[in-house]
Each structure stands twice: as C-alpha cells, then as structure tokens.
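Following: one structure in structure tokens, then a few remarks.
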Amino acid sequence: MRMHEDRPRDLLINDASYPRGRISHTLFDFDGTISLIRYGWEEVMQELMEEMIAGSREKAPRELREEIALYIDESTGILTIYQMQWLEEAVRRWGMNPEVLSAKEYKRIYNERLLEKKVDQRVGSIRDGASLQRFLLAGAREFLSKLREQDVRLYLASGTDHVYVEREARLLGMDRIFGERIYGALDDTEEYTKENIIRRLLETELTAGEGAVMLVAGDGPVEIRAARDHGAVALGVASDEEKGQGWNPRKAERLENAGAHILIPDFREADAVLALIQNAGTPSRGAAR
C-alpha cells in the first residue's frame, strides 16, 4: 500500500468483492483493534525470544533478530501458546542455548514480563480513574454503539488468555457491550481460536435470512484470512497504537497482503464503513469520506 503524507486517507477499499447487505453479526479482535492496554507487546516478545534463543550471548545475531521480527509480524493474532511453540522449536534449531524450556514455560515468562513492563501500570491507572479513552482506539466505542443500535450481535475474540481478556474488557466497559460473547485463549484447546469462532458463527448462528452478512474487524492477518475463508467482510484496522488513531503503514501493508476488503486506521469513519457494507453500490478503490 502506498501511503502519501500529503494526502491523508481515512478509509481505503482494498478489494471491492466483499458481500453486501445488512450486518447481522460482527466479530472484533480485542488487542490493537479495540484495546490499547497491551500496546508494545511485540517489543516484549522480541526481547524474550532473542534472550531465550541466543542464551548466554550478549547480543543475538542480526539474522536471528530479523527472523524473530518477521515471525512476530506474521503471527499477530494467533494464540500466544502457538508463538511460544515456535520459540521452543527455534531454540532447538539455532542451538545456541542448551536449555530448552517448554512452550508453556516460555508463555508463563512472557506473560509475567508483559504484565510487569506494559499492562499492570495501565490497568492500575484505569482503576485509579484514568480516562478510558486513553486505552481505546479512536471511535471504537461509538462504532460499537452504532452496531448495537442496529441489533447486530457482537462478539469479541483474542489470542490473549481468556482470564486477561475478560479482566481488561471489563475494565474498559466492554463487558456491558459484548456480554458473555467474549472469547480468549485456552492453552490446551483450539476451541477458542478466532478461526473456529468465525466458523461456528457462520455454521450455527448466521441464520438471520437472505441478505445478512458477517463483519470481522481486526489488526492481524489471522482474523482477516479467516474472515475471507468463511465469506465474511474483512475489515482491517491498521492502527497507530501509540497515538491511538491514524495509520500504521506497516500494519496497513500486512493487512492488505492478508486480503482485507476494507482498510481503516481507526473507527472514526464508522458511518462510511457501514454505508459501504450495507449499501448496494459498488465502491471504487481509494478514499471515502
């Protein structure tokens, strides 16, 4: 995707072949799509993987650092345990560290570090009364409200452990919006992967009648590919999490390559997104305001 600084764009059509009609169900990714509480998780995972693979070496080789960065970028959105399984395999493959831990142990260490370095401070500030808007992507709450007004059934899914997703969703007031339809990761089962949630919804719940469509919104290629595989509209959220709004060109390229039908930097263009999906007209590639 070519992003031009002199021509800001708030909504892009990447593939106009998506289904159109009344939205009956919407599945949202959580971290990076709605919540900013875990912003910076990639840095924590990068540091952990370099340390565990390189072992006693003072600095990981450049090739290793690049391999890890590429893997993290491509695996955004999958269950954390799967990423730690990759780490376990990589420690064995590189052979620099004789101590190889289990994927579950790597995950435990990663979660502890992420909580310590990023999450706990933000959770504490919310509990102390900080504005929730600091930890929500711009326009997210308003977009969810518009969908609820249209009686759309809303679902929340994450590769983060279920206990953390529930806690952070509750802190942000998302439990009042999604109710019991919040799904996080469970270590020993694939039941709550985003792909399987989407599949179950399409097979068992998307029965609202002819002309109904399902929308999947996320900032990772996993949910975008799953949406396309199951006939849903794939809405890629290419967010700059540090600012809480605006484009992240790297995310935009990643989501474009994954096949997102529509790309947005945040949810401030909610009306335009809904119009593109629920109107019969065929939009052209480019900006929509």
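Taken together, the values in this text are just the output of simple stated rules run on the coordinates, not laboratory data. If you're wondering where the values come from, they're calculated on a predicted model, not measured in any experiment. Ideal geometry is used to build each Cβ from the backbone, glycine not excepted, and the neighbour counts take in all protein chains shown.
List of remarks:
- Gln150 paired with His162, simple spin-label distance in nm, labels 7 Å along Cα-to-beta-carbon: 3.0 nm
- Dipole magnitude of segment 41-127 about its Cα centre (Cβ charges: Lys, Arg +1; Asp, Glu -1), debye to nearest 20: 280 debye
- Set of lysines near Lys117 by C-alpha distance (under 17 Å), chain-local residues within fewer than 8 positions excluded: Lys107
- Per residue convex hull volume, Cα atoms of segment 88-171, in Å³: 143 Å³
- Förster radius 22 Å - calculated FRET efficiency between Arg170 and Glu253, Cβ distance, rounded to 0.05: 0.05
- Of the trypsin sites (Lys or Arg not before Pro) found in segment 42-146, those in coil by DSSP whose Cβ has at most 11 other Cβ atoms within 10 Å are Lys59.
- Solvent-free Debye scattering, log10 I(q)/I(0), computed from the Cα coordinates of the chain at q = 0.07, 0.13, 0.15 Å⁻¹: -0.26, -0.89, -1.16
- One equal scatterer on each Cα of segment 41-127, no solvent, Debye formula: the resulting log10 I(q)/I(0) at q = 0.25 Å⁻¹ is -1.32.
- Fully extending the segment from Leu186 to Glu43, taken as 0.36 nm per residue of separation minus the present Cα-Cα distance, adds 49.2 nm.
- Max mean-square fluctuation residue, GNM over the chain, Cα-Cα springs under 10 Å, options Ala227, Ala157, Ala60: Ala60
- Using the Cβ-Cβ distance between Lys59 and Glu105 with R0 = 41 Å, the FRET efficiency computed as 1/(1 + (r/R0)^6) comes to roughly 0.95.
- Dipole magnitude for the chain: computed about the Cα centre from +1 point charges on Lys and Arg Cβ and -1 point charges on Asp and Glu Cβ, it is near 700 debye.
- Anchor Lys146: lysines whose Cα lies under 27 Å away (excluding residues fewer than 8 positions away in-chain): Lys194, Lys243, Lys251
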